[in-house]
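Peer 1: Have a look at this one.
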Amino acid sequence: MICSLSLCRRRLAVGGLLLLISVVSAVGDQESAVPVSVPALLLIAPTDLSAIDAQIIASQRRLKAAALPGPELERLGWLYIAKARASSDPGFFTLAGIAADALEKNFGLTQEAWLLRGHVLQTRHRFAEAEELARRLVNARGTAADFALLGDALYDEGRIAEAARAYQEMVDLKPSLDSYARAANIHWIKGDLDGAVQLQTLAVRSGGPGDAGALAWSLCRLGQLVWQQGNTTEAVACVARALELVSDFEPALLLQGRMFLAGGQASEALVPLARAVAILPLPEPRWVYAEALRAVGRISEATEQEKKLVREGLAEDPRTVAQFLAIRGQDFALAVRLAHAELEVRTDIMTHAVNALALAGVGRLDEAREQRRAILAEGTVDARLLLYAGRVAVLGHEPDAAELLQRANRLSAQLLPSELRLLQESISLLPTGAGPKGNINQPTQNKTS
Amino acid sequence: MNPTLKPRKLPGVFSRIVAVALLTAAPAFMLASSHMDAPLITLDPAANTTDVYAFVSQHDGVKYLTAALSVYPHEEPGVGPNKYNFDDNVRYEIHVATGKDLAAGRATYTYQFDFNTAYKNQGTILQSYLGVIKDVGDAAQNLTQTYTVKRIDRRTRQVTTLGSGKVPPNNQGVATPAYNRDSNGDLVARDGVADSANLDRYTAQTVYSLKGYRVFAGQREDGFYGDINAIFDLLKLRALSSNPAISTSSFDSQAGFNVHTIVLEIPLTAIGGDQQVAGVYATTSRQRVNVLPDDDGRGSDRGVMFGEFVQVGRQGNPLFCEALIAIKDKDLYNRTSPTMDSKLFSKYASSPELGALINSIVFAGAGGFPTTNRTDLVGIFIPDLIKVDLSTSAARLAGGGASHPTTPDDAGFSRLGIFGGDVLMSSIQDGFGGGKVPGGWPNGRRFGDDVIDIAVTALVNDLRPGSFSLTFVADGIDSASKNDAVYNKVFPYAGTPFNGRNHTHQ
């Protein structure tokens with residue numbers, strides 16, 4: 001029977017309200033307790049004041065009082081990922097990993113844990129493990145994020161064709177910043193720079209200020225690509241916008257420093273690079289900073305940075321240490337060892353390139369030649385890759401040495417000063433008349449404002 | 001582990017110390033030379049639907065179905081204007097289902113909006129405004145967006161271009177004075193109006209009549225209101241706080257934020273007349289691309305190919321995806337058609353977790369309302385289209401409240417819809433007896449409907465035929481009982497966008 005609304009309708013009585021208040025108060029008294037199943041480390045409040053930190057604090061508060069903490073713990077795990085990206089602090093990836101472990105062990109949220117853990121493993125360069133988790137996820141549910149994780153692991157293992165297939169599944173499911181950015185990278189690695197710029201631009205336009213870290217990353221990547229196209233103005237604008245979104249965003253500072261350095265503005269480069277090293281004292285920013293210090297004549301400081309680069313970089317990023325040593329012509333034996341060990345972790349193009357360069361440095365040209373094949377296999381157009389391939393070719397008297405070095409020379413704005421010296425030295429080894437025209441040591445692009 | 005350990009704040013560097021202690025190696029992400037470190041799960045605000053509206057409207061004696069789609073959740077008015085625009089790469093669509101398509105969840109007609117952005121001057125850093133804008137699209141407006149509207153008849157596949165329009169500028173302040181009181185860019189945005197002649201200049205200039213339709217697309221204030229914070233904060237509803245300072249306060253999570261809204265007034269003659277119930281939902285889509293460059297092996301034809309549009313967002317009734325569908329299925333909801341709702345999402349309406357939580361947390365298990373077999377909720381949400389009885393008279397409209405001096409609510413309007421006595425008379429269904437149907441959601445959805453109070457009321461009562469029992473109206477349950485801005489009672493109905501220079505959040 002449908003009752004008349006005017007007769008049935010009744011507002012909550014005062015007594016009922018008091019009952020509800022007492023119920024809510026009892027729940028509130030438990031607010032300060034921590035669920036036993038949530039690791040305490042995840043509940044230490046951050047002290048920064050960014051929007052992400054506010055979200056982390058809110059999530060921690062909800063987690064403490066949640067009747068069902070699992071979904072909130074998952075949310076917190078991804079907030080730690082976002083914080084890690086925005087702050088360049090890898091410690092937050094660790095916290096995300098702890099969240100993933102708790103999700104699986106304490107709450108049985110297995111697939112959710114796999115995705116979170118897989119992303120953390122990927123950032124730690126444990127690509128085979130990340131791939132395994134990704135495959136489990138793809139088989140179990142096959143979301144866009146699952147295919148992304150699979151593609152990322154395969155990409156870093158050097159299995160580009162398989163990675164591209166995974167990424168295609170991803171973009172077919174959900175075209176978005178995440179999938180467009182990955183498609184852009186495949187286009188880049190296949191030598192389609194214009195296509196990469198087009199897709200990365202699409203990625204940037206698909207983002208919003210609510211994902212400041214992700215958008216800042218996308219802008220930096222776009223900046224790198226348009227810089228490679230020779231459009232410094234646009235690259236500078238990308239960096240500026242990234243820093244507007246996330247102040248002290250390390251990738252933006254690094255790119256800014258590199259562009260200043262390439263534009264002959266070494267003094268200007270020092271500021272962002274010093275900041276980048278302060279935020280993230282890893283081999284790559286240290287290397288670029290050292291190059292800028294050398295360029296302005298601050299040799300002892302440069303040497304200090306280089307020593308730290310090698311000393312501390314052995315554990316943090318051995319491949320970049322190997323790359324540095326091989327470029328500088330220092331301790332090729334160590335460079336070979338480090339680069340070879342990296343092949344156990346991944347077999348991507350840059351790892352092959354560093355191996356090739358290091359092996360060539362110790363005269364193991366047959367092995368270097370073998371590694372060189374992988375550098376050019378995908379058709380990637382990149383100054384460093386072309387330089388390393390060209391170096392190996394010229395030392396081995398290969399017929400394509402001149403062409404490779406010529407192509408590297410056209411992109412020489414992307415090279416660090418020490419790489420430019422290696423390029424010049426390699427060109428000098430070419431048969432007479434085979435070298436590129438023009439002076440390779442002069443910056444070929446506009447100043448970076 | 002101590003279960004009563006209280007959290008403590010630590011210096012930011014502590015996290016790094018802990019991380020180093022716990023790890024053997026933690027290489028940070030770098031640009032692509034190190035490893036693939038693209039983001040994994042991001043928001044997509046330009047394609048992220050916030051609300052869909054649908055209601056019977058009338059002007060000049062003719063009835064229409066007015067439908068609206070809003071995107072860009074929490075659009076901050078103060079952020080640089082180039083950051084909030086409709087996305088040229090997103091296809092925005094409003095779908096109408098009629099006849100047998102309604103029950104199937106299938107669109108009969110689709111109205112497609114495609115946007116295009118142009119700049120008058122690319123040689124300047126002033127992206128949106130070169131000066132004070134007098135008229136939409138004048139020389140002072142640098143970034144200008146236009147759009148085309150197409151109507152697709154899904155049965156015949158006929159595509160008709162209805163026309164095109166311009167998007168008015170975002171309300172920045174000094175550059176866009178006409179949006180604001182006294183045409184002063186330092187003052188707050190104007191209230192909504194009850195007469196089209198009083199619409200602000202920019203809005204008035206961008207209401208277009210296209211082949212019997214009216215259309216608008218642009219920035220608006222977010223007409224949704226509710227204490228979302230409290231709802232997702234374990235239902236710690238302010239009304240139920242023991243602290244009078246809290247229990248008597250109101251909090252609208254959306255206060256002071258804008259959205260971007262498309263509003264379309266559809267002549268009923270275009271969709272089969274008024275003797276029917278129609279369903280409305282909206283989608284956003286982005287294009288597939290080829291991940292591998294198109295390579296025919298000869299080094300030519302390399303590049304990006306754009307494929308078909310893939311749905312990335314969908315919305316029908318308010319709160320279904322946000323409050324009822326589990327996290328693991330939200331993505332699935334967003335990319336599927338309502339035709340799949342019965343198979344995939346019926347359980348969320350039939351046994352809503354939110355109902356169980358309200359019963360447990362708010363009523364300590366003594367709510368006395370069913371939390372399973374909710375056929376009444378299935379009737380509303382499955383398929384997830386806003387069902388609008390077109391046979392009624394025009395819906396009563398919200399303005400700025402019953403006693404607003406210039407734009408009062410229509411007489412008889414209640415934000416609680418039928419639970420506040422706001423009913424309409426249908427000529428095609430018995431409804432709640434004698435043809436009475438709700439004057440607001442879930443019979444359509446108007447600007448100003450208090451969808452949270454209505455939804456909670458529906459959840460905590462048994463509204464199933466045969467066991468109907470309405471014992472509790474959740475009036476003010478979330479303490480947000482009115483919008484923070486005045487709606488327009490004329491097309492485009494959504495309120496004036498907040499001023500980037502002068503606005504407040506709660």
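Peer 1: Enumerate the calculated ³J(HN,Hα) couplings along the stretch A:82-94 in order (Karplus 6.51 cos²θ - 1.76 cosθ + 1.60, θ = phi - 60°), each rounded to whole Hz, writing x wherever the residue is Gly or Pro.
Peer 2: Once θ is set to phi - 60°, the couplings for the stretch A:82-94 become 4, 5, 4, 5, 6, 9, 6, 9, x, x, 6, 5, 4 Hz.
Peer 1: Whole number please: convex hull volume per residue, Cα atoms of chain B, in Å³.
Peer 2: Cα-based convex hull of chain B, divided per residue, equals 218 Å³.
Peer 1: To the nearest 10 degrees, how steeply does helix A:232-245 sit against the main Cα axis of chain A, on a 0 to 90 scale?
Peer 2: Between the helix axis and the principal axis of chain A, the angle is about 30 degrees.
Peer 1: Given R₀ = 22 Å, what would the calculated FRET efficiency be for residue A:429 paired with residue A:362, taking r from the Cβ atoms and rounding to 0.05?
Peer 2: With a Förster radius of 22 Å, E is 0.85.
Peer 1: Could you check the spin-label model distance between residue B:134 and residue A:308? Points 7 Å from the Cα along Cα→Cβ, value in nm.
Peer 2: With each label point 7 Å from Cα toward Cβ, the separation is 6.0 nm.
Peer 1: Of the residues A:161, A:276, A:240, which exhibits the maximal mean-square fluctuation in a Gaussian network model of chain A defined by a 10 Å Cα contact cut-off?
Peer 2: Per the Cα network of chain A with a 10 Å cutoff, A:161 tops the list.
Peer 1: If contacts are Cα pairs under 8 angstrom and at least 6 residues apart, what is the relative contact order of chain A in percent?
Peer 2: It rounds to 9 percent for chain A.
Peer 1: Can you give me the C-alpha center-to-center distance between the stretch A:63-81 and the stretch B:83-118, rounded to a whole angstrom?
Peer 2: 35
Peer 1: What number does chain A give for Rg over Rh if you use C-alpha atoms and the Kirkwood radius? Could you put the intermediate results ahead of the total?
Peer 2: Working: Rg = 25.9 Å, Rh = 24.2 Å.
Rg/Rh for chain A comes to 1.07.
Peer 1: Now for a separate question. If we count every other residue with Cβ under 13 angstrom of residue A:225's Cβ, Lys/Arg +1 and Asp/Glu -1, where does the sum land? Mind showing how you got there, number by number?
Peer 2: On the way: positive: A:221; negative: A:192, A:194, A:234, A:382.
Around residue A:225, the charge tally is -3.
Peer 1: Still on this structure, I have one more. Considering amide H positions built from the backbone, and no H for Pro or chain starts, which residues 5 or more places from residue B:404, or on another chain, come under 5 Å of its amide H?
Peer 2: Those lying under 5 Å, H to H, from residue B:404 are B:409.
Peer 1: Per-residue HN-Hα couplings for the stretch A:284-301, Karplus 6.51 cos²θ - 1.76 cosθ + 1.60 at θ = phi - 60°, whole Hz, x for Gly and Pro?
Peer 2: 5, x, 4, 4, 5, 4, 4, 4, 5, 4, 4, 5, 9, x, 8, 5, 5, 5
Peer 1: Hey, another quick one. Measuring from label point to label point, each 7 Å out along Cα→Cβ, what is the residue B:429 to residue B:346 span in nm?
Peer 2: Taking the simple label geometry, residue B:429 and residue B:346 are separated by 1.8 nm.
Peer 1: Work out from phi, with θ = phi - 60° and the Karplus expression 6.51 cos²θ - 1.76 cosθ + 1.60, the ³J(HN,Hα) of each residue of the stretch B:368-378, listed in order in whole Hz, and give x for Gly and Pro.
Peer 2: Listing the rounded values in order: x, 10, x, 10, 9, 6, 7, 5, 5, 6, 4 Hz.
Peer 1: A further question follows. For chain A, set up a GNM with springs between Cα atoms under 10 Å and report which of A:41, A:416, A:254 has the largest fluctuation.
Peer 2: A:41
Peer 1: Tell me the mean residue ellipticity at 222 nm calculated for chain B from its helices only (DSSP H runs of n ≥ 4, each -39500 (n - 2.57), averaged over every residue, nearest 500).
Peer 2: That comes out to -3000 deg cm²/dmol.
Peer 1: Using Cα centres only, tell me the gap between the stretch A:335-385 and the stretch A:105-122 in whole Å.
Peer 2: The two parts, judged by their Cα centres, are 34 Å apart.
Peer 1: Obtain the nm distance between the two label points defined at residue B:125 and residue A:344 by a simple spin-label model: each point lies 7 Å from its Cα along the Cα-to-C-beta direction.
Peer 2: 5.2
Peer 1: If we count other beta carbons within 10 Å of each Cβ, what is the order of A:47, B:261, fewest first?
Peer 2: Listed from fewest to most nearby Cβ atoms, that is A:47, B:261.
Peer 1: Also: List the residues whose amide H sits under 5 Å from the amide H of residue B:266, counting only those 5 or more places along or on another chain, with H placed 1.01 Å from N in the peptide plane.
Peer 2: For residue B:266, the qualifying residues are B:65, B:66, B:67.
Peer 1: For the stretch A:317-449, with equal point scatterers placed on the C-alpha atoms only and solvent neglected, what are the log10 I(q)/I(0) values from the Debye formula at q = 0.09, 0.22 1/Å, to two decimals?
Peer 2: Scattering profile of the stretch A:317-449, log10 relative to I(0): -0.23, -1.31.
Peer 1: Another question, if that's okay. Whole number please: convex hull volume per residue of the Cα set in the protein assembly as shown, in Å³?
Peer 2: Considering the Cα atoms of the protein assembly as shown, their hull volume per residue is 170 Å³.
Peer 1: Considering the alpha-carbon set of the stretch B:369-478 alone, what are its Rg and its Dmax in angstrom?
Peer 2: Radius of gyration, then largest Cα-Cα span, for the stretch B:369-478: 14.1, 46 Å.
Peer 1: Rounded to the nearest 500, what is chain A's calculated 222 nm mean residue ellipticity when only DSSP H runs of at least 4 contribute -39500 (n - 2.57) each, over all residues?
Peer 2: Values: 24 runs with 327 residues, N = 449.
That comes out to -23500 deg cm²/dmol.
Peer 1: Taking H placed 1.01 Å from N in the peptide plane, check which residues at least 5 places from residue B:423 or on another chain put their amide H under 5 Å from its amide H.
Peer 2: Here B:439 satisfy the definition.
Peer 1: Still on this structure, I have one more. Whole angstrom only: what separates the Cα centroid of the stretch B:166-196 from the Cα centroid of the stretch B:457-479?
Peer 2: The distance from the Cα centre of the stretch B:166-196 to that of the stretch B:457-479 comes to 40 Å.
Peer 1: For the pairs A:190/B:330; B:63/B:347; B:100/B:347; B:211/B:343; A:83/B:330; B:211/B:482, note any where the Cα-Cα span goes beyond 28 Å.
Peer 2: Distance filter (> 28 Å) returns A:190/B:330; B:63/B:347; B:211/B:343; B:211/B:482.
Peer 1: Tell me whether the stretch B:463-506 comes out rounded, prolate or oblate; compute the Cα gyration tensor, take square roots of the eigenvalues as a ≥ b ≥ c, and use a/c under 1.5 as the rounded threshold.
Peer 2: Judged from the Cα gyration tensor, the stretch B:463-506 comes out oblate (a/c at least 1.5, b/c at or above a/b).
Peer 1: Something else about it: Given a Förster radius of 45 Å and the C-beta distance between residue B:117 and residue B:406 as r, what FRET efficiency does 1/(1 + (r/R0)^6) yield to the nearest 0.05? Write down the numbers at each step before the final one.
Peer 2: Numbers: r = 35 Å, r/R0 = 0.78.
Using R0 = 45 Å, I get an efficiency of 0.80.
Peer 1: While we're looking at this one, here's another question. Tell me, what is the FRET efficiency for residue B:375 and residue A:55 to the nearest 0.05, using R0 = 30 angstrom and their Cβ-Cβ distance as r?
Peer 2: For R0 = 30 Å, the calculated efficiency reads 0.20.
Peer 1: Moving on. Could you work out the Kirkwood radius for the stretch A:105-181, taking every pair of different alpha carbons, averaging 1/r and inverting it, reported in Å? Each step should come with its number before you reach the end.
Peer 2: Details: mean 1/r = 0.0822 Å⁻¹.
Computed over the stretch A:105-181, the radius equals 12.2 Å.
Peer 1: Among all the lysines, which ones have a C-alpha under 18 Å from residue B:134's C-alpha, if same-chain residues fewer than 8 places away are not counted?
Peer 2: B:120, B:166
Peer 1: Over the Cα atoms of the stretch B:309-412, how large are the radius of gyration and the largest Cα-Cα distance (Dmax), in Å?
Peer 2: Just the Cα atoms of the stretch B:309-412 yield Rg and Dmax of 17.6, 49 Å.
No value in this document is a laboratory result; all are computed from the given coordinates. Given the structure is predicted, the values throughout are model-derived calculations rather than measurements. Note: ideal-geometry Cβ built from the backbone for every residue, glycine included; neighbour counts use all protein chains shown.
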